[in-house]
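One structure is given here, and the rest of the page talks about it.
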Amino acid sequence: MSQTTNQGSTQENKSNKKVIIIIAILAIVIIALVAVIAFLLGKGKGDDTSDGAPREVANSIRTVVDEDNAQDIVEQMREEVAEGMFECQMSMKWTFPDGKSESKDAYVANSVNNTHPICFDVYMKDSEELLYSSPVLPVGTDLKNIKLDKELPAGEYKATVMYTLLKDTESQEEISSAGFVITINIQN
């Protein structure tokens, strides 16, 4: 009977050690997070230019939030963020039979979940050379069979697809933009 009790105690000790290890790891993670947050919050304090004058913020819009306007400010911020958000649908690898032909797998769409038209430009990642400019894509439309505006020799290239969300098709006023890296493969 004492042998069974010893086995139960051994298992209980192992279980207690696991709990202690988990608690120790959690404590270390929490301490690290607090240190990072404290560093980031303190980073901007005391930033002056080299001549001792305080730094100037160009085109700054500053709002003081108090009890009277807090709810209005929060709602305004939500609207601005929602206005600038959009969903991207695209293929990440574009294959071309040669530098002059259309790709059969290049695909970009303006999701039906979006509320604004988009357009996009494709740039060579390393040189930022413009390879393609799209027409404006209304919500719910897509673009296939893309042909680059610039002929590339055979090879594999990294490119950036830079999306621009537009207020409307007529004014083409920019709301926001986002870029994604793709691979372009020219076969011959």
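The values are calculated or read from the model by the stated rules, or taken from the named source; none is laboratory data. Computed from a predicted structure; not experimentally measured. Note: ideal-geometry Cβ built from the backbone for every residue, glycine included; neighbour counts use all protein chains shown.
Brief remarks on what is shown
- Phe86 vs. criteria at pLDDT 95 or above, under 30 Å from Thr183 (Cα atoms) and aromatic (Phe, Trp, Tyr): no
- Taking the range 88-188 and the strands (runs of 3 or more DSSP E) fully enclosed by it, the elements with 3 or more residues that are of a type in the set (Ser, Thr, Tyr) and touching a strand residue (DSSP E or B) at 6+ places or on another chain (Cβ under 6 Å) are at 155-166, 174-186.
- The set of residues in the range 109-132 that are closer than 22 Å to Met85 by Cα and either without any contact (Cβ under 8 Å) to a residue 24 or more places away in the chain or of a type in the set (A, V, I, L, M) (or both) comprises Ala109, Val112, Ile118, Val122.
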